[in-house]
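Below: the structure, in structure tokens.
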Amino acid sequence: MTTTCTPEKPEAPQARCSAADLLRWSGMPAPEGDETDAMLDRHTFPVRWLEAGQPLVLEGTPLASLYLVRSGTFKVFQTERDGYEQVHAFALQGDMLGLDGLHDERHETGAVALEPSSVVVLALKDWQRAMREAPALARLQARAASLELARRGATLHNMAAVAAEVRLARFLLQLSARLASPEQPCSRIHLRMSRREIASLLGVSHESVSRSLGLLSTEGLIRVKHRDVDLVDEPGLIARQSTTRPERDLAAS
């Protein structure tokens, strides 16, 4: 399994999806009572396709829409004054982009596609009206915001580890869990992001990411071929990511 579903061929420019589709892609339960699929299907939103490297959100621009990732992978980042891109997150199918702009109606972070990707464009006026008429959509937005907070917390947890290989082990396990489905675990990851982008997220140098991949591979926990990473020994990797101090420090204590 790769980091994303295989993108479908682009539909016509006027392609749209329904509110019921949004709930399905986000992993939300089917609506009950009056919120039937027929009612949700009345609310439709346009689909936008992007090529690899194409920006979706520009930092500092006014907030006009939220975006739900339909397929592909996005890098969420903030540019420092010296031009350095600090990666905040990687967004996958079902994630919502643009939530950080709701408090002052301006995007604080940017987002760019890392592969051919598609999003559902949720123009604010249309989206707010749909949420009033279909409470399941309001729950979807609240769930998306909660997931974003949880993942930011997980990133802080990763950075609490001193050793770069522990940070990387945690990142790989978290990414595998996000890509897994109830029917199929994810034991192979195709990294759409570069090692430098992973390094920015984890707060280490890109050389440290390369060394950590080599170390975890030497320990028999993973197998690496270019951007393909096989989780060969997941229980061992879980044990490894629980070690918050470098092995040399443990041996000396």
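Points to keep in mind about this one:
- Residues (part of a strand (DSSP E or B) and either open to solvent by 50 Å² or more (accessible area, probe 1.4 Å) or in contact with a Cys (Cβ under 9 Å, 6 or more places away or on another chain) (or both)) located in region 229-239: Leu231
- Qualifying residues in region 125-161 (those that are within 21 Å of Arg196 (Cβ to Cβ) and of a type outside the set (S, T, N, Q)) - the one most open to solvent (accessible area, probe 1.4 Å): Leu156
- Restricting Ala177, Ala161 to those that are in contact with a helix residue (DSSP H, G or I) (Cβ under 6 Å, 6 or more places away or on another chain) and at pLDDT below 95 reduces the list to Ala161.
- Taken together, Val76, Val119, Val87, Val57 contain a single residue that is in contact with a helix residue (DSSP H, G or I) (Cβ under 6 Å, 6 or more places away or on another chain) and either closer than 18 Å to Ala130 by Cα or modelled with pLDDT of 95 or more (or both), which is Val87.
- Condition check for Arg167: open to solvent by 60 Å² or more (accessible area, probe 1.4 Å), touching a residue at least 24 places away in the same chain (Cβ under 8 Å) and assigned to a helix (DSSP H, G or I): no
- Scanning region 198-225 for residues that are assigned to a loop (DSSP other than H, G, I, E, B) and of a type in the set (Ser, Thr, Tyr) turns up just one, Ser205.
- When Leu137, Leu156, Leu147, Leu202 are checked against the criterion of being under 30 Å from Asp21 (Cβ atoms) and either among the hydroxyl-bearing types (Ser, Thr, Tyr) or within 18 Å of the chain's Cα centre (by Cα) (or both), Leu147 stands alone in meeting it.
- Answer residue from region 170-197, given it is assigned to a helix (DSSP H, G or I), open to solvent by less than 70 Å² (accessible area, probe 1.4 Å) and in contact (Cβ under 8 Å) with a residue 40 or more places away in the chain and is farthest from Gly27 (Cα to Cα) among those: Glu197
- Selection status of Asp100, open to solvent by 20 Å² or more (accessible area, probe 1.4 Å), under 16 Å from the mean Cα position of the chain (by Cα) and modelled with pLDDT under 95: yes
- For region 77-94, the count of residues that are farther than 30 Å from Arg227 by Cβ and not acidic (Asp, Glu) is at least one.
- Members of region 187-203 found to be β-branched (Val, Ile, Thr) and modelled with pLDDT under 95, listed by number: Ile189
- Given (1) touching a residue at least 40 places away in the same chain (Cβ under 8 Å); (2) more than 25 Å from Gln54 (Cβ to Cβ), number of the condition Glu148 does not satisfy: (2)
- The listed residue being among the hydroxyl-bearing types (Ser, Thr, Tyr) and modelled with pLDDT of 95 or more, out of Ser242, Ser212: Ser212
- Restricting attention to region 42-91 and to residues that are β-branched (Val, Ile, Thr) and free of Cβ contacts under 8 Å to residues at least 40 places away in the same chain, the residue that is farthest from Leu137 (Cα to Cα) turns out to be Thr79.
- Those residues of region 76-110 which are in a strand (DSSP E or B), more than 19 Å from Trp127 (Cβ to Cβ) and of a type outside the set (A, V, I, L, M, F, W, C), in sequence order: Gln78, Thr79, Glu85, Gln86, His88, Gly110
The values are calculated or read from the model by the stated rules, or taken from the named source; none is laboratory data. This one's a predicted model, so the numbers in the text were calculated from it and none came from an experiment. Virtual Cβ from ideal backbone geometry, glycine too; neighbours counted across all protein chains shown. To get the accessible areas, we keep the full protein, side chains included, count just its heavy atoms, and leave off ligands, DNA and RNA. Shrake-Rupley method; radii C 1.70, N 1.55, O 1.52, S 1.80 Å.
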